[in-house]
Amino acid sequence: MRVLAVLTALAVVVGPAPAAAQGNPAISSAEPFKLGTFDFGGEPRIGIVLRDTLVVDLAAANRALERDPAYPPIPMPAAMVDLIGRYEYGMKTRLYEIVNHLARANRLTGAARPNWVHDVKAVDILAPLMPGKMLNAAVNFYTHVGETGTAEEQKKAEAERRAKRGVPYLFIKPTRGAVVGDGDDVIIPYGRDRVDWEVELGIVIGRAARDVPADKAAEHIFGYMVTVDVSDRGGRPPDSRPGSDWLVGKGHDTFAPMGPWIVPKEFYGDPMKRLRQTLTVDGKVMQEAGASDMIHSIYELIEYGSSIITLYPGDVVNNGTSGGTGMGQAYRGAERFLKPGEKMTATIEGIGSITMNAVGEPAPPAGTGSRLPPISTYRKP
C-alpha cells in the first residue's frame, strides 16, 4: 500500500505515466464508456456507464474479474478523484479489461447479465465527483457579451470583442455545498428572485497542470461533463460596499449542478469541433450554442488558469455560457428568471443531460444574524 501511495502521488506531480506503469498500453476498449457516481443500495460508488442505459458497479465487477488469475488484484478507488489520479497508472487498463470482458462475452443482456450490472433508470445518479476546485470562465461566448443591450448594441459589442479578445476571465466557484447532481433540487435562496441559468461544459483535469501552453493542454484533460453555473443576479444592496460580489452571484448552496457522468476524453473527441450545449426551462429552449461561439478555447482557459494556480486531477474548468440567460432577457424588458416549481435541463451532445428542480427556500428563523436581504427591500420588482 505504501508503494501504491507513492505511485499515486507521482502520478499527480510528474504527469505522463511511463508505459510500464500503465499495465498493457496497447489495450483498447470494446465499447466506449462513461464514468459516474451512483447510489448502489444506499452507498455511493463508482459505476461504468455503457450504452447510456446500463451501469456497472465498478468494485463488484473488479472482484468478479479478479477471480480469474490472469487479472492481478488492484485496489479500487474510493471516489472519482482517486480514479482520475490513477487513470494512467493502471486504472484505465483495468476499466478496459472489465468492459471487454462483459462486452465480448455477451454478458450485458439476458440471463448472462450479472446482478452488479444495473439499468441506469434503476439507480440514483449522484454528482460524478467533488472537485478540489472549480474555475469558471466569465463572459466567454460572443452571444453572451452584449446580450443585455439592444440588437445593435449586441452586434457592436460582439464585433469589438472579436477584434480584441483579451485574456480569459476566470473566477473560483465553491464546490462543497454547491455541487449537486442530476435530479437534485436547486434551492432559490429566500427573497432572491433573480436566479439565473448558465449551461456549461465541465472540463475535468486528469493530470497536474502548471504553466501549461494551450497546445499541450489536451494532455492534461481527463474528460468532460455537463455543468450549470446557477447565478444570483440580485446583487448586493445599494448602500453596501460597491463592486461585484462573486460569492453572492455564484456561491449559494446547490448552485453548481454537474453530471450526469464524465466522458473520458478518448471517447468524446475535440470539444472545439463538436460541442453543442443547450438548456431548457420547463421544456422551452433558453440557450443553444456551439464551440464557434466561444471567445477563448478550452485549451486557452487551461493555459490561463494554470498560469495562476496549479490544476490537479479532479479539478474542473467550466467553459462559460452563451446568450439566452434570464439576465439578458430582463434587460430587454422581458423579466424571466428561474422560479420555484420549474425544471431546468442542461444537455451537451455526446455526454448527456441533467435535470434539476427549482425549489424556494423557506424564510430563515428570526435572529439568525447578518444575511443577504430579499431583493425586494432594495430593488423594485
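Summary table
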item: Highest-first arrangement of 175-186, 356-367, 128-139, where packing means the average Cβ count within 10 Å; result: 128-139, 175-186, 356-367
item: The chain, dipole about Cα centre (Lys/Arg Cβ +1, Asp/Glu Cβ -1), debye to the nearest 20; result: 260 debye
item: Taking the chain and dividing mean pair separation by its residue count, relative contact order in percent (alpha carbons under 8 Å, at least six apart); result: 21 percent
item: Which labelled figure in (i) 21.5; (ii) 18.8; (iii) 23.6 is mean projected area of the Cα convex hull in nm², once derived from the coordinates; result: (i)
item: Region 322-377 pair-distance distribution - Cα-Cα, 10 Å bins, rounded %; result: 16, 34, 33, 15, 3
item: Net charge contributed by nearby residues that have their C-beta within less than 14 Å of Ile308 (K/R +1, D/E -1); result: -2
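Rule-based calculations on the coordinates, nothing more; no lab input. Since we're looking at a predicted model, the values are computed, not measured. Here Cβ is always computed from backbone atoms with ideal geometry, including for glycine, and neighbour counts include all displayed protein chains.
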